[in-house]
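Read the structure below first, then the notes.
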Amino acid sequence: MLFQNVAAINELLARFCDGDDNTFKPVAIKLKEKYIKYWGDPEEMNMLIFVAAILDPRTKQSERLKIPVLLTYGETRGEQVLEKVNQTLHSLFKEYKCLYEQVGSEGDGSETEPSCSESSFKHYLYLYQKERKAAAAADVRTELEKYISQEVEWQYSGFDILTWWKYKTHEFPILSRMARDILAIHMSTVSCESAFSTGGCVLHDFRSSLPPLVVRSLICAHDWVRQPSNDAKS
């Protein structure tokens, strides 16, 4: 998982930075500076990174999330981070609930019970749905509380988190919308930074007067040249 890897990287960098290996120590120090920049101060981090981990049914608010956070930031600061994440999660869920709680109620008219003359399958299906609605109405917990209380999913190869939330849409209609929006956020900005770096290579100090059309043409041509040809694929 993401935070288990982060905690492992922090421990590994600390070991090399404090070690006597002159080959890896300079590299580890530079990597440690990058690590501190992105992961060093949780107050400067976007809490959606942690919220996304909770929306992963394999992690949630279990030891798989708590232990790496405590190992990374220490017990006192780690508990503060987890508390802030919990507040962010509930605040965000309330906002989504205000936006979408009426979506499920639209078109919900009173259903008429099928008569005995109709198919027995339709009759029993109606009774089953009626029983499910009554059970759901009796449960006063929110979707978020129900989701957190469930057991974590097993970690296995090929697990698709978006497919999991797709199948859970009827059980968690509001929370699934929230998960869809948050999990769609890219964790890395490498592709965006690479695009700007490409523009800087084309438009430098000696070619700063090129019109926009020429710059776009050069960037597109450079991208096409880098793409493997169909002959090479075959």
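Observations on the model:
- Solvent-accessible ranking of H170, H90, largest area first, probe 1.4 Å: H170, H90
- Cross-link reach list, lysines versus K94, counting only Cα pairs under 17 Å and skipping chain neighbours closer than eight places: K84, K146
- Pair E43, R141: separation of 7 Å Cα→Cβ label points (nm): 3.5
The values are calculated or read from the model by the stated rules, or taken from the named source; none is laboratory data. The model shown is predicted, which means the values in this text are computed figures rather than measured ones. Every residue, glycine as well, gets a Cβ built from its backbone with ideal geometry; the counts of neighbours run over all protein chains shown. Quick note on the areas: whole protein, heavy atoms, side chains included, nothing else; ligands and nucleic acids left out. Shrake-Rupley method; radii C 1.70, N 1.55, O 1.52, S 1.80 Å.
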